1. Cut-off under 19 Å on the C-alpha distance; same-chain residues fewer than 8 positions from residue 56 excluded. Which aspartates and glutamates are left, in chain and number order?
2. Between residue 26 and residue 107, what FRET efficiency comes out of the Förster formula 1/(1 + (r/R0)^6) with R0 = 22 Å and r the beta carbon distance, rounded to 0.05?
3. Count charges around residue 86 for me, please; just the other residues with Cβ under 15 Å from its Cβ, Lys/Arg as +1, Asp/Glu as -1.
4. How much length is gained on full extension from residue 62 to residue 140, taking 0.36 nm per residue of separation minus their Cα-Cα distance?
5. Compute the Cα gyration tensor for the range 1-129, then decide on rounded, prolate or oblate, letting a ≥ b ≥ c be the square roots of its eigenvalues: rounded whenever a/c is under 1.5, prolate when a/b is larger than b/c in the other cases, and oblate in all that remain.
6. Give the aspartates and glutamates reachable from residue 80 as a straight Cα distance under 20 Å; neighbours fewer than 8 places away on the same chain don't count.
7. Please state the shape class of the range 57-155: rounded when a/c is under 1.5, otherwise prolate if a/b exceeds b/c and oblate if not, all from the C-alpha gyration tensor.
8. All other residues with a Cβ under 12 Å from the Cβ of residue 28 taken together, and with Lys, Arg as +1 and Asp, Glu as -1, what is their net charge?
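The values are calculated or read from the model by the stated rules, or taken from the named source; none is laboratory data. From a predicted model like this one, the values you see are computed outputs, not experimental measurements. FYI the Cβ positions are ideal-geometry reconstructions off the backbone, even for glycines, and counts take in every protein chain you see. Surface accessibility is based on the protein's heavy atoms, side chains included, excluding ligands, DNA and RNA. Shrake-Rupley method; radii C 1.70, N 1.55, O 1.52, S 1.80 Å.
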Amino acid sequence: MYYYLIALVIIVIDQFTKWLIVQNLDLREVVEIIPGFLNITSHRNSGAAWGVLEGKMWFFYLITLVVIGVLIYFMQRYAKNSKLLGVSLALVLGGAIGNFIDRILHQEVVDFVQTIWGNYYFPIFNVADASLTIGVILLIVYVFLDDRKSKGTKK
C-alpha cells in the first residue's frame, strides 16, 4: 500500500503544479528562474517527448492503460520483496497516471520545466515526466543489481 501512496503523492503534486501553470501563465509565457539554465515555460504537448506521435491520443490512452495494468501487477506480485523495485514502479505509475489525466481532460499534456544547457534547449517537461524518468532509471538500477545478486548466488 505504501507504494500506491507514493504514486498518489506524485499525481497530486503533478496535477497541482500543472493547475498553477494554467492559472497563472499564458500559453508560451516564459518566466526565467536561473538565467541561461532554468525557465518555467507554459507549454502544451499533444504527443510524447519531442512531440513524437503528436495528436495520436488513442495510442496514448491504450498504451497508458496497458502500462498501468502491468505496473499494478508487478507492484502486487514483486514489490513486497524489494523497496527499490516498489519505489521505481510507484514513480512510473504516478507519472503515467499524471499525464494520463491531462490527456483525458485536455487532449494534451501541460509541460512547464525548461532546462537549457549551453545552446541546447532540453524538451519542456513536468513533474509526471520527471517521475517517470527517475522511476525508469531506478528500475534499470534494480535490474542491474538483481542480476548481479543472482549471478553471485550461482557461484
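1. Cα-Cα hits under 19 Å: 102, 108, 111, 129.
2. Given R0 = 22 Å and the Cβ-Cβ separation, E is 0.70.
3. Neighbourhood net charge equals +2.
4. Here the segment from residue 62 to residue 140 would lengthen by 25.7 nm.
5. On the way: a/c = 2.06, a/b = 1.62, b/c = 1.27.
It is prolate, given that a/c is not under 1.5 and a/b is the larger ratio.
6. By straight Cα distance, residue 80 reaches 146, 147.
7. Oblate.
8. -2
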